1. Calculate the dipole size of region 71-177 relative to its Cα centre from +1 charges on Lys and Arg beta carbons and -1 charges on Asp and Glu beta carbons; express the result in debye to the nearest 20.
2. Can you tell me the dipole magnitude for region 149-282 around its Cα centre, using point charges on the Cβ only (Lys, Arg +1; Asp, Glu -1), in Debye to the nearest 20?
3. Give the Rg (one decimal place) followed by the Dmax (whole number) of region 40-134, computed from C-alpha coordinates and expressed in Å.
4. Cross-link candidates for residue 73: which aspartates and glutamates have Cα within less than 18 Å, leaving aside residues fewer than 8 places away along the same chain?
5. Given the options 73, 37, 299, state which has the largest fluctuation in a GNM of the chain using a 10 Å cut-off (strictly under) for Cα springs.
6. For the pairs 100/148; 205/299; 37/147; 165/219; 40/165; 179/236, flag any whose C-alpha to C-alpha distance is greater than 22 Å.
7. Using θ = phi - 60° and the Karplus relation 6.51 cos²θ - 1.76 cosθ + 1.60, list the HN-Hα couplings for region 23-33 in order, rounded to whole Hz, with x at every Gly or Pro.
8. Taking H as built 1.01 Å from N, whose amide H comes closer than 5 Å to the amide H of residue 53, not counting residues under 5 places away?
Amino acid sequence: MAMRQTPLTCSGHTRPVVDLAFSGITPYGYFLISACKDGKPMLRQGDTGDWIGTFLGHKGAVWGATLNTDATKAATAAADFTAKVWDAVSGDEVLSLAHKHIVKTVSFTQDSNCLLTGGNDKLLRIYDLSSPEAAPQEISGHTSAIKKALWCNNDQQILSAADDKTIRLWDRSSMQEVKTLTFDTSVSSMEYVADGQILVITYGKTIAFYNALSLELIKTVEAPAPINSASLHPEKDFFVAGGDDFKLYKFDYSTKEELESYKGHFGPVHCVRFSPDGELYASGSEDGTLRLWQTAVGKTYGLWKCVLPEDLGSENPEQLYTSTPEIKA
């Protein structure tokens, strides 16, 4: 009998959830930050979805959010023309970095000393967080709004995706463009997997995997519906994707076979990411919720408790394990 996936629902946001990110694994577990059009990014315990706090200070939709590796700092990108850096332990705003247009994406270097931003003014900016009053370094070249920008190759290079239907690789020291990928349609998402230097991108119904250093194509997979986001499992066994048909799809990375699909959201899925330990993946949706899904259904982990069929007695035989179905934030 097949196990039934029971996602944990994280409520609390009042508008669509458009971005999410996990921290690395810390002595206190790992953490999850969500960006939402309600302007109130939230921090949660990563394995349970339990609400820890809300970062208050933006005056417009928050389009991007990230945590540094040890979850001591958060950064957010917003429609109020600012990127903000926060103390993720106290929740206090540390810096507000003024931009000339809507900011869409933020990314810390591994040492948390620099912040990369991008947005509707088509420029990449690098802020030295130890001297934030100094003017940022600026990199120009994109001809439309930047959707996502990330550090790669041990922070020596930058990858950026924009509405000009390109992904560009930049050299940090020279600030020059190294290579460009051009697509027929706008890229909807981009994930960088440092272990193995893999770039995961989505456009239309396609999920594509590239070598992040050479930008050479590894493989593409076609999904049944337009996809907004995809994430590769840390062990690279499989990947998950979500999009316009409200579903989460799981594929075998080596064979490209669709393994399963789950419907839980009541609106398009905007973002999906695996946790750093690979035990779950989180999705954010137009419906205003985050949902946490088990990678191995039926395993005891976080708030999921495995119940063996013989322990059920007269209970519903389909419900092979229990979970807390709703987490109130």
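1. Details: 11 positive and 14 negative charges, 80 e Å.
Value, rounded to 20: 380 debye.
2. Working: 12 positive and 20 negative charges, 43 e Å.
Dipole magnitude for region 149-282 comes out near 200 debye.
3. 12.6, 40
4. 19, 87, 92, 93, 111, 128, 155
5. 299
6. Details: 100/148 17 Å; 205/299 31 Å; 37/147 15 Å; 165/219 19 Å; 40/165 29 Å; 179/236 25 Å.
Over 22 Å apart, Cα to Cα: 205/299; 40/165; 179/236.
7. Values per residue, Gly and Pro as x: 7, x, 7, 10, x, 9, x, 10, 10, 10, 10 Hz.
8. For residue 53, whose amide H was placed from the backbone, the distant partners under 5 Å are 43.
The values are calculated or read from the model by the stated rules, or taken from the named source; none is laboratory data. Everything numeric in this text was worked out from a predicted model, so none of it was measured. Note: ideal-geometry Cβ built from the backbone for every residue, glycine included; neighbour counts use all protein chains shown. The protein model used for the area step is the full one, side chains on, heavy atoms only, and it has no ligands, DNA or RNA in it. Shrake-Rupley method; radii C 1.70, N 1.55, O 1.52, S 1.80 Å.
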